[in-house]
Amino acid sequence: MQHPPHVPADRVVDIDIYQPPGLETQGFHKAWCNLSASQPPVVWTPRNEGHWIALSGEALQDVQSDPVRFSSRVIVLPKSVGEMHGLIPTTIDPPEHRPYRQLLNAHLNPGAIRGASESIRATAIELIESFAAKGHCNFTAEYAEQFPIRVFMALVGIDAAEAPKIRHWAECMTRPGMDMTFDEAKAVFFDYVGPLVDARRGGRGEDMISAMINADLGADLGRGRRLTRDEALSIVTQVLIAGLDTVVNVLGFIMRELAENPALRADLKQRGADILPVVHELFRRFGLVSIAREVRNDIADFHGVALKAGDMIAIPTQVHGLDPRVNPDPLAIDPARRRARHSTFGSGPHMCPGQELARKEVAITLEEWLRRIPDFALGPNCDLSPVPGIVGALRRVELVWNA
């Protein structure tokens, strides 16, 4: 395989980060766990226009928590596609990203999510009770693709009926082989978001979009400064992409695990409301997102290799929690695991602002599901094949139980 002169031959591998070796036969997380255990901490692949991959938890953590050496200017591979991304605040480095990030934090902080807990719980109960008496469900379609999306659409003040087309556009920006290219999907997003922004500009709506576009950006950008229209299109599009994909997919992995792990179900049931240790461990175990960073300046030695300015380095965030050098026996789910480290929500200045909402949605799902459906198994019509893309996913999780 051809590689640039600064790349040592013994660090060259044939890995497509969107379809890694072993994906079909081992499944998403085991494939990444085995790669982490069997490869050097940083490798180079000719796939997706050629780039480095951080395959140890330590290397991955070093990249994503160090914006001085690794820029978020391009976060999607291949680089030619990532350069079209340009959404805020994910592609802006500190300190410029701070005022935009504060807009997100104001509506996704722990206090705000606590205030929404009862409506989140009511949504979960309504959905579970709609099929509990049947004895089976297509969990992916009837719950995972409904619950977090309905919660999120209420948060941003958009009719939940709009969610399927918005999620499709998001998938066109995060998965290969879709019916629109990345830039086509982004353009459709902007065409959709534009009228929303215009209608809510200057209004008094309490939804997240209204609050963001009418907020004072503060001292960093000048008092009285509000988002420009272009900035508003960018940040609202980014919020919609992030809000309609990741929790949908992590719920599928979690419920598959519970269906096959009666000991874990029993542990959760006896814990009652004390389930946060399990929730934390599940997020450690089921990281999902493969993004990237751009090397700002030459680095003479980064985990044994020389990086050149402009190089791209992939950071498959699931690797951190699945690295056996970081978390012993990483595929096992152990709620008593001490000092578990992972990057499911990222780290550093771009740590996911929606992590509190994600934890709350998973915790409420587990509580309300196990109250009504304490024992269940995988159904005969499951399709547990992994879906390639930036965000890991299972195609269809079907569950069955004694009604």
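Approximating the spin labels as points 7 Å out from Cα along Cα→Cβ, the E83-to-D230 distance works out to 1.8 nm.
Output the pairs from K79/K360; K134/K165; K30/K269; K308/K360; K134/K269; K30/K134 with a Cα-Cα distance over 31 Å in this structure; if there are none, say none. Too far apart for the 31 Å limit: K79/K360; K308/K360; K30/K134. If you count only protein heavy atoms with a 1.4 Å probe, what accessible area per residue comes out for the chain, rounded to a whole Å²? Value returned for the chain: 41 Å² of accessible area per residue. Annotation note: GluC sites (Glu not before Pro) in segment 16-90 located in DSSP loop regions with a Cβ neighbour count of at most 13 within 10 Å are E49, E83.
Annotation: extensible slack from D216 through A300 equals 26.0 nm (criterion: 0.36 nm per residue apart, minus Cα-Cα distance). In segment 204-284, the inverse of the mean reciprocal separation of distinct Cα atoms equals 16.2 Å; this is its Kirkwood hydrodynamic radius.
If a/c stays under 1.5 just call it rounded; otherwise compare a/b with b/c (prolate if a/b is bigger, oblate if not). Do that for segment 76-143, with a ≥ b ≥ c from the square roots of the Cα gyration tensor eigenvalues. Mind showing how you got there, number by number?
Working: a/c = 6.44, a/b = 1.70, b/c = 3.79.
Since a/c reaches 1.5 but b/c is at least a/b, the shape of segment 76-143 is classed as oblate.
For segment 225-326, the alpha-carbon coordinates run over 52, 45, 22 Å along the three principal axes, in decreasing order. Convex hull volume of the Cα atoms of segment 34-160, normalised per residue: 190 Å³.
Over 27 Å, how big is the tail of the calculated P(r) for the chain, in percent of all Cα pairs?
Details: 41139 of 81003 pairs.
Within the chain, distances greater than 27 Å cover 51 percent of Cα pairs.
In terms of packing, defined here as the mean over residues of other Cβ atoms within 10 angstrom, the peptides 161-174, 279-292, 123-136, 310-323 line up highest first as 310-323, 279-292, 161-174, 123-136.
Within the P(r) computed for segment 238-294, what percentage of the Cα pairs occupies the region above 17 Å? All intermediate terms of the calculation are to be shown ahead of the outcome.
On the way: 784 of 1596 pairs.
Pairs farther apart than 17 Å: 49 percent.
In terms of Cα atoms, the Rg and Dmax of segment 1-104 work out to 15.6, 45 Å.
The values are calculated or read from the model by the stated rules, or taken from the named source; none is laboratory data. Just so it is clear, the model here is predicted, and its values are computed rather than measured. Using ideal geometry, Cβ is built from the backbone for each residue, glycine included, and neighbour counts are taken over all protein chains shown. Areas reflect the complete protein model, heavy atoms only, side chains present, ligands, DNA and RNA absent. Shrake-Rupley method; radii C 1.70, N 1.55, O 1.52, S 1.80 Å.
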